[in-house]
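The values are calculated or read from the model by the stated rules, or taken from the named source; none is laboratory data. As the structure is a prediction and not an experimental result, all values here were calculated from the model. Note that we place each Cβ from the backbone using ideal geometry, even for glycine, and neighbour counts take in every protein chain shown.
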Amino acid sequence: MTTGLWRGRAVRAVACLALVASLAGCMQLNLGLTVNADDTIDGQLLLTADRSVLSNRNKNIAVAYAELRENIPSLPVGEETVYQDERYYGAQITYRHTPLKDFTSESVNLVRDGDLYRFSLPLDPKKYGGKVAEQNPQNQQAFMQLMSFEISVTFPGRVIDTNGTLSGRSVSWKVVANQPKPAELRAIAEAPPRPTPSATPVAAAGDDDPGSFPWLLVAGAVLLLLLAGGVVTVLLRRRARATTVPSTPPGPTGTTGGAAPTDRPGPV
């Protein structure tokens, strides 16, 4: 009786391990990120599985992959498309100037903490192998053990702490399948100072301000009109002098104006 019970448990354990291997034996998470100085992120994430493993589970590899992905915790949201080549099938997520505040998930976290950037990717077995755990919780550890991770993060500032491989301002991790894994992948780097808000510029003359009257513009216009009027007046006076007609000249010499004298009658 005891021997039969032990054999039954052994068979179930072997079956569960085979299930884990078929689910995660050829699953990879590849991530390449660049943190920009304006607190945005560019990069790509690939979550793929071997086509042969997927086709063995379901002839429709898209359906098989969807089932497999249910064992993976949520990923940062981005522009997602299907990735496939001759060997792998999966999802490609692209990040283009994604704000840091939107780059949070159950798996990957990258945040700004004051003057520091903090990156972490927990490798907690309790977060992986959810569907496998429904059959046997112990298989979550095996599921995580069989996954592989290849991560690279480039920061705008100096890296001051990490458990990865450091090269300049970039940190990378390569965690292969069937090997012990750390509790998390982590890195801390210096963040550039945030830009200070610029002072409010003084309103220029003539700005559209419903609460003020453009006195400077009005005064300028009046001054221009006065100057123009003065110039026109001077020009008109000069023109009038140049076109004045001279007075009528006097008559011939020996003649005078007025009526001719009347002759008086002589004596009778």
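Taking the range 32-110 as the region of interest, the strands (runs of 3 or more DSSP E) fully inside it that hold 2 or more residues being aliphatic (A, V, I, L, M) are 40-50, 88-99.
Give the number of residues within the range 90-101 that are surrounded by 13 or more Cβ atoms within 10 Å (Cβ to Cβ) and not aromatic (Phe, Trp, Tyr). Reasoning before the result, please.
Of the range 90-101, the ones surrounded by 13 or more Cβ atoms within 10 Å (Cβ to Cβ) are 90-95, 98, 100.
Those still in the list that are not aromatic (Phe, Trp, Tyr) too: 90-94, 98, 100.
So the count comes out to 7.
Of all residues in the range 148-200, those being surrounded by 15 or more Cβ atoms within 10 Å (Cβ to Cβ) and of a type in the set (Lys, Arg) number 3. Within the range 121-147, the set of residues being modelled with pLDDT of 80 or more and surrounded by fewer than 16 Cβ atoms within 10 Å (Cβ to Cβ) comprises ASP124, LYS126.
In the range 139-193, of all residues being small (Gly, Ala, Ser), assigned to a strand (DSSP E or B) and within 29 Å of the chain's Cα centre (by Cα), the one that is farthest from ASN109 (Cα to Cα) corresponds to SER167.
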